[in-house]
Amino acid sequence: MNYQDFFRSALDQLRDDGNYREFAELERHRGAFPAAICHNGPGEVTIWCSNDYLGMGQHPDVLAAMHNALDRTGAGAGGTRNISGTTHDHVQLEAELADLHGKEAALLFTSGYVSNWATLRTLGARIPGLTILSDALNHASMIEGIRHSKAARRIWKHNDLADLEAKLAALPLNAPKLIAFESVYSMDGDIAPIAEICDLADRYNAMTYLDEVHAVGLYGPRGGGIAERDGLMDRLTVIEGTLGKAFGVMGGYIAASAELCDFIRSFASGFIFTTALPPAVAAGATAAVRHLKSSTTERTAHQARVAEVRARLDAIGLPHIDNPSHIIPVMVGDPVKCKFISDTLLRDHGIYIQPINYPTVPKGTERLRITPSPVHSAADVDTLVSALETLWTQCQLARRPIAAQ
């Protein structure tokens, strides 16, 4: 076998299908996000697709905490948490996260992907006879963890309570069960019916596992997510979140009972055998969590900017998925045109929005995933909307009917 030919052929097929991904080499401007330099592109750009939803990666409190920790402790954690890598900064952060979600404990991981993979894999592998009921649109990290656990699994139709109940009812009442789902789904921006899922979990004796990665920091009085906003945190067995989106740093975590967190800490290979986050990263995340627990300024401004962008897109008839979250998927429906629009936005307008194509979303649903932030200006919005309108006309893409003013 000619291995290089195989690799080359596979990549060529991606290019032919319009699904080949190219990285823009970005350098964000400290204190000026969403401004950045694109080193392999036009130079100055405005980022419109970041998951740093609130700009906390540039917040003075976060930067100061990281500088302080770096000067105080040095660069790395020194090893895995089990050997030499549990630091005071990790312990402080876990306490803040447990408090954020109203749980007895929290456990820190190196990423949201790892926290999902390691926790679901460990629960599935270690609880005898467990069946995991997984929403059809769960994140790849959840799917991989469930698969590798080798536990019995049932996939239920996305946000479909009737299908979930039918699958629960088909299992013995006393058999162990876990319902795994997300709050805000990242590609369509829809939100799960958490209360109703908890009702079914109570009725059929199931645990619940809620991924809040696209909600923590953004919803609820203190940024605890959709479950906090809706007063449901106490009804969930495990709440999983990330520090790499609204909190602006990196890392993942779970919040749950002390026993469950200790169980995962003691048995999860994805926790045991990996080097801990640098203390400076943990300190920055702690500062972000603390700030957003007490400040609603960022969340209020964020929601206002999201509403403004939606209204401006409606005014020119650009099709986007209506949802109750902060994610605005502008639907193109063609991989080649989606990449063309993304490339042209970057090259001609200094706007960075990565195209979202297969396999991240199903074929025929290609989109631009726009994430407005409170640090985007009114001028930024004007530039974005004007550029999109020009390119929509150029690509002869369908528009929505424009409502009468």
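The values are calculated or read from the model by the stated rules, or taken from the named source; none is laboratory data. Source: prediction; values computed, not measured. Cβ sites come from the backbone with ideal geometry, for glycine too, and all protein chains shown count toward neighbours. Just so you know, the surface numbers come from the protein's heavy atoms only, side chains and all, with ligands and any DNA or RNA stripped out. Shrake-Rupley method; radii C 1.70, N 1.55, O 1.52, S 1.80 Å.
Remarks
- Here 130, 173 are screened, and the one residue that is in contact (Cβ under 8 Å) with a residue 12 or more places away in the chain and touching a Leu at 6+ places or on another chain (Cβ under 7 Å) is 130.
- Checked against the criteria, residue 134 counts as under 29 Å from residue 330 (Cβ atoms) and touching a helix residue (DSSP H, G or I) at 6+ places or on another chain (Cβ under 8 Å).
- Residue under evaluation residue 111, criteria (1) surrounded by 16 or more Cβ atoms within 10 Å (Cβ to Cβ); (2) out of contact with any strand residue (DSSP E or B) (no Cβ under 6 Å at 6 or more places or on another chain); (3) among the hydroxyl-bearing types (Ser, Thr, Tyr); (4) closer than 17 Å to residue 280 by Cβ, criterion not met: (2)
- Among the residues making up the range 134-148, those that are open to solvent by 10 Å² or more (accessible area, probe 1.4 Å) and assigned to a helix (DSSP H, G or I) are 140, 143, 144, 147, 148.
- Scanning the range 13-31 for residues that are open to solvent by less than 100 Å² (accessible area, probe 1.4 Å) and aromatic (Phe, Trp, Tyr) gives a single hit, 20.
- Among the residues of the range 149-167, those identified as part of a helix (DSSP H, G or I) and either out of contact with any Phe, Trp or Tyr (no Cβ under 9 Å at 6 or more places or on another chain) or more than 21 Å from residue 119 (Cβ to Cβ) (or both) are 149, 161, 162, 163, 165, 166, 167.
- Of the listed requirements (1) more than 19 Å from the chain's Cα centre (by Cα); (2) assigned to a loop (DSSP other than H, G, I, E, B); (3) among the charged types (D, E, K, R), residue 389 misses just one: (2).
- Of all residues making up the range 76-88, the number that are touching a Ser or Thr at 6+ places or on another chain (Cβ under 9 Å), assigned to a helix (DSSP H, G or I) and open to solvent by 10 Å² or more (accessible area, probe 1.4 Å): 2
- Odd one out for residue 322, checked against (1) of a type in the set (D, E, K, R); (2) outside any strand (DSSP E or B); (3) touching a residue at least 40 places away in the same chain (Cβ under 8 Å); (4) closer than 28 Å to residue 246 by Cβ: (3)
- Among residues of the range 327-346, those that are in a loop (DSSP other than H, G, I, E, B), open to solvent by 30 Å² or more (accessible area, probe 1.4 Å) and under 15 Å from residue 187 (Cα atoms), counted: 1
- Pairs, first under 19 Å from residue 288 (Cβ atoms) in the range 298-309, second among the aliphatic types (A, V, I, L, M) and surrounded by 22 or more Cβ atoms within 10 Å (Cβ to Cβ), C-beta under 8 Å, six or more apart: 298/54; 298/56; 298/292; 299/54; 299/218; 299/292; 302/54; 302/218
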